[in-house]
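S.K.: So that we are looking at the same thing, I have put the structure below in structure tokens.
What follows is calculated from the coordinates using simple rules that are stated; it is not laboratory data. Keep in mind it's a predicted model, so treat the numbers as computed, not measured. Cβ placement follows ideal geometry from the backbone for every residue including glycine, while neighbour counts extend to all protein chains displayed.
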Amino acid sequence: MGGVESGLDGDERSVSTEAAASQRPVRAFVAIALPDGMRQSLHTLAKRLRAARVRVTWTAPERMHLTLRFLGEISPAAIDAIAAALRDAYAGREPFSLAVRGVGAFPSMQRPRVLWAGVEPAEGPVPALNETAEQAARDAGLPPEKQAFHPHITLGRIRDHARAGWMESALLSEKGFNGGEFTVKSVSLYASHLTPTGPQYQRLHEFPF
């Protein structure tokens, strides 16, 4: 088995061989991985948004993904339970096409804090995958997610809140952004290892349709 990968392309590894041995909590999330070409397109978009001259912590292209459910710090036993549930629940689903289009910000374009690229369709298959991950999390004893699900790909987080409004015009100029389409054929469960240079993501399980 190889070491921890810095992006979303690490080999699937058994959490029971390492994390379960120490029973240390694992910071984890369920997500759809993006193809390399699409991540590069999103990285190019982020470069254009830098023209706003607002201080932003940008997401490195190898760390870009579409989160279905953030799980937080959970036990290895919970990881195993969620993985078992998702393996059964996602098996046999139909692959589907997903497009990355448009940009936005949370909580709003006028008061941006988190910059994102949108996905289409925002209804249908992606929310269904989220609902499955949400149910698996609840069945494993996690509290319900309080925020409504809004499928997106995080581009960066604004750190210079005094100048955050400067980003609005840059976002509006990219409303027509088209990052292309890809076929979603699986969902993955990742561990997130926090480091001084940013999070490193390790794929623990992949659930093909």
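S.K.: Dipole size in debye (nearest 20) for the chain around its Cα centre, Lys and Arg Cβ +1, Asp and Glu Cβ -1? Working shown, then result.
M.R.: Values: 24 positive and 22 negative charges, 223 e Å.
Dipole of the chain, to the nearest 20 debye: 1060 debye.
S.K.: Based only on Cα atoms, what Rg/Rh ratio does region 45-134 have, Rh being taken as Kirkwood's radius? It would help to have the intermediate numbers written out before the result.
M.R.: Working: Rg = 16.5 Å, Rh = 15.9 Å.
Dividing the radius of gyration by the Kirkwood radius yields 1.04.
S.K.: Moving on to the next point. Starting from the 7 Å offset along Cα-to-Cβ, what nm value, one decimal, do you get for the label separation of T57 and R87?
M.R.: Between T57 and R87, the label points sit 3.4 nm apart.
S.K.: Skipping prolines and chain starts, which residues have an amide H placed within reach, meaning under 5 Å, of the one on F177, given they are 5 or more residues away or on another chain?
M.R.: G102, V103
S.K.: How much length is gained on full extension from Q23 to E123, taking 0.36 nm per residue of separation minus their Cα-Cα distance? Each step should come with its number before you reach the end.
M.R.: Numbers: separation 100, 0.36 × 100 = 36.00 nm, distance 3.75 nm.
Full-extension gain reported as 32.2 nm.
S.K.: Report the equivalent ellipsoid semi-axes for the chain in whole Å, largest first, defined as the square roots of five times the eigenvalues of the gyration tensor built from alpha carbon atoms. Write out the running numbers ahead of the final one.
M.R.: Working: eigenvalues 173, 73, 52 Å².
Its equivalent ellipsoid spans semi-axes of 29, 19, 16 Å.
S.K.: In region 27-67, which residues have a backbone nitrogen under 18 Å from the label point lying 7 Å from E145's Cα in the Cα-to-Cβ direction?
M.R.: 27-34, 64-67
S.K.: Quickly work out the F96-to-N178 label distance, labels modelled 7 Å from Cα along the C-beta direction, and quote it in nm with one decimal.
M.R.: 2.2 nm
S.K.: Quick one: if you stick a label point 7 Å off each Cα along the C-beta vector at D160 and A77, how many nm between them?
M.R.: 4.9 nm
S.K.: Here's a follow-up. How big is region 137-205 by Rg and Dmax over its Cα atoms, in Å?
M.R.: 17.0, 44
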